[in-house]
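Novice: First, the structure itself, so that you have it in front of you.
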Amino acid sequence: MSIVLEGVGLTKRYGEGGGQVTAVDGVDMTLGRGEMVVVMGDSGCGKTTLISMLGCILTPTSGDVLLDGERVPFGDVKALPRLRSERIGFVFQMFNLVPYLTAAENVLLALDIAGVTGSKAETRAEELLGDVGLSGRVDHRPGQLSGGEKQRVSFARALANRPSVIFADEPTANLDSTQSQNLMDLIRGMREQHDTAIVVVTHHLALHGDADQVIQMQDGRVVGDGEPAPA
């Protein structure tokens, strides 16, 4: 299995001197193509900071991120946005959809940023929305969609440019139990249908059985990792 993503000695500190806070402290992580990693831990343990560095949103204080074997150039302000738009997908707790755009237009926006336009982009958006079970909702705006449907649009958008890896930060946090279960079923289906690695920050134990790795964080460090325990 080819390695898609590596984090080597990732550390993030805020502040200076006696007021300095270490949010993530020397974390290593490796993710293969098509694998799923579940990251867990109490609030404030560094989960979101870690995936923000791995996802090239946040620059590490020290350490490296390698994507498809290439070191991420955090200091290159021109290369970094293109890398994120073309090779990384994100799904956030609050959906982050543009409220005045339809479901299809929200997916098209991600394609447009990566330079894919016209009929090719429209076909791709429709296919992805169909893949996540929203073929009948492509013309609906976020205000006309349920929480679960909004999150499905978010996953379709994240898949738009066939990324190497998708990061999902507490994707079920704002969903009820039925919507959460449906979304977890969707994540399982994505693993089978799309050859994309997935990193999920979640408290839902139901995803453990599907994960290739479960990483437990505490105070900015990994305190447990490896294959999930048998059910």
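The values are calculated or read from the model by the stated rules, or taken from the named source; none is laboratory data. Please read all numbers here as calculations on a predicted model, not as lab measurements. Note: ideal-geometry Cβ built from the backbone for every residue, glycine included; neighbour counts use all protein chains shown. Remember, those area values only see protein heavy atoms, side chains included, never the ligands or the DNA or RNA. Shrake-Rupley method; radii C 1.70, N 1.55, O 1.52, S 1.80 Å.
Novice: Express the accessible area of the range 130-199 per residue in Å², computed with a 1.4 Å probe while the remaining protein chains stay in the model.
Specialist: Details: 2750 Å² over 70 residues.
Dividing the accessible area of the range 130-199 by its residue count gives 39 Å².
Novice: In the range 140-231, carbon and sulfur make up what percent of the accessible area (probe 1.4 Å)?
Specialist: Working: 1750 of 4130 Å².
The nonpolar share, carbon plus sulfur, comes to 42 percent.
Novice: Turning to a different aspect of this structure: With every protein chain left in place, what is the accessible area per residue of the range 44-126 in square angstrom, probe 1.4 Å? Before the final figure, lay out each step's value.
Specialist: Numbers: 4120 Å² over 83 residues.
Heavy-atom SASA per residue in the range 44-126 reads 50 Å².
Novice: Let me ask you something else. Which percent, to the nearest 5, of DSSP beta bridges fully inside the chain are antiparallel? List each step's numbers first, then the result.
Specialist: Working: 18 of 35 bridges.
Close to 50 percent.
Novice: Take every Cα pair under 8 Å in the chain that's 6+ residues apart, average their separations, divide by the length, and report that relative contact order as a whole percent. Before the final figure, lay out each step's value.
Specialist: On the way: 452 pairs, mean separation 64.7, N = 231.
Dividing the mean separation by the residue count of the chain yields 28 percent.
Novice: So what is the 222 nm mean residue ellipticity for the chain from helices alone, if each DSSP H run of at least 4 adds -39500 (n - 2.57) and you divide by all residues, rounding to the nearest 500 deg cm²/dmol?
Specialist: On the way: 6 runs with 72 residues, N = 231.
Result for the chain, helices only: -9500 deg cm²/dmol.
Novice: Pop the C-beta distance of Q20 and R71 into the FRET formula with R0 = 30 Å and round what comes out to the nearest 0.05.
Specialist: Values: r = 26 Å, r/R0 = 0.87.
That gives a FRET efficiency of 0.70.
Novice: Another question, then. Jot down the per residue volume, in cubic angstrom and as a whole number, of the convex hull over the alpha-carbon atoms of the range 145-224. Don't jump to the answer; show the numbers that get you there.
Specialist: Values: hull volume 8.5 nm³, N = 80.
It comes to 106 Å³ per residue, whole-number rounded.
Novice: How about the range 1-71: which GluC sites (Glu not before Pro) there lie in a loop by DSSP and see at most 12 other Cβ atoms within 10 Å?
Specialist: Details: sites: E6, E16, E35, E70; in loops: E16, E35.
Answer by residue number: E16.
Novice: Once R0 is set to 35 Å, what does the formula 1/(1 + (r/R0)^6) return for the Cβ-Cβ distance between I57 and E122, expressed as a FRET efficiency to the nearest 0.05? Walk me through the numbers on the way to the answer.
Specialist: On the way: r = 28 Å, r/R0 = 0.80.
Working from the Cβ atoms, E equals 0.80.
Novice: Between Rg and the Kirkwood Rh of the chain, both from Cα atoms, what is the Rg to Rh ratio? Show your work: numbers first, answer last.
Specialist: On the way: Rg = 17.5 Å, Rh = 18.1 Å.
Here Rg/Rh amounts to 0.97.
Novice: If r is the Cβ-Cβ distance from D28 to L101 and R0 is 35 Å, what FRET efficiency results, to the nearest 0.05?
Specialist: On the way: r = 39 Å, r/R0 = 1.11.
Given R0 = 35 Å and the Cβ-Cβ separation, E is 0.35.
Novice: For the range 1-92, build the charge dipole from Cβ charges (+1 Lys, Arg; -1 Asp, Glu) around the Cα centre, then report which of S85, G19, V38 sits farthest towards its positive end.
Specialist: Of S85, G19, V38, it is S85.
Novice: Turning to a different aspect of this structure: First compute the accessible area of the range 6-128 with a 1.4 Å probe, then give the percent of it belonging to carbon and sulfur atoms. If you can, show how the numbers build up before the last one.
Specialist: Working: 2970 of 5940 Å².
For the range 6-128, the apolar C and S fraction of the accessible surface comes to 50 percent.
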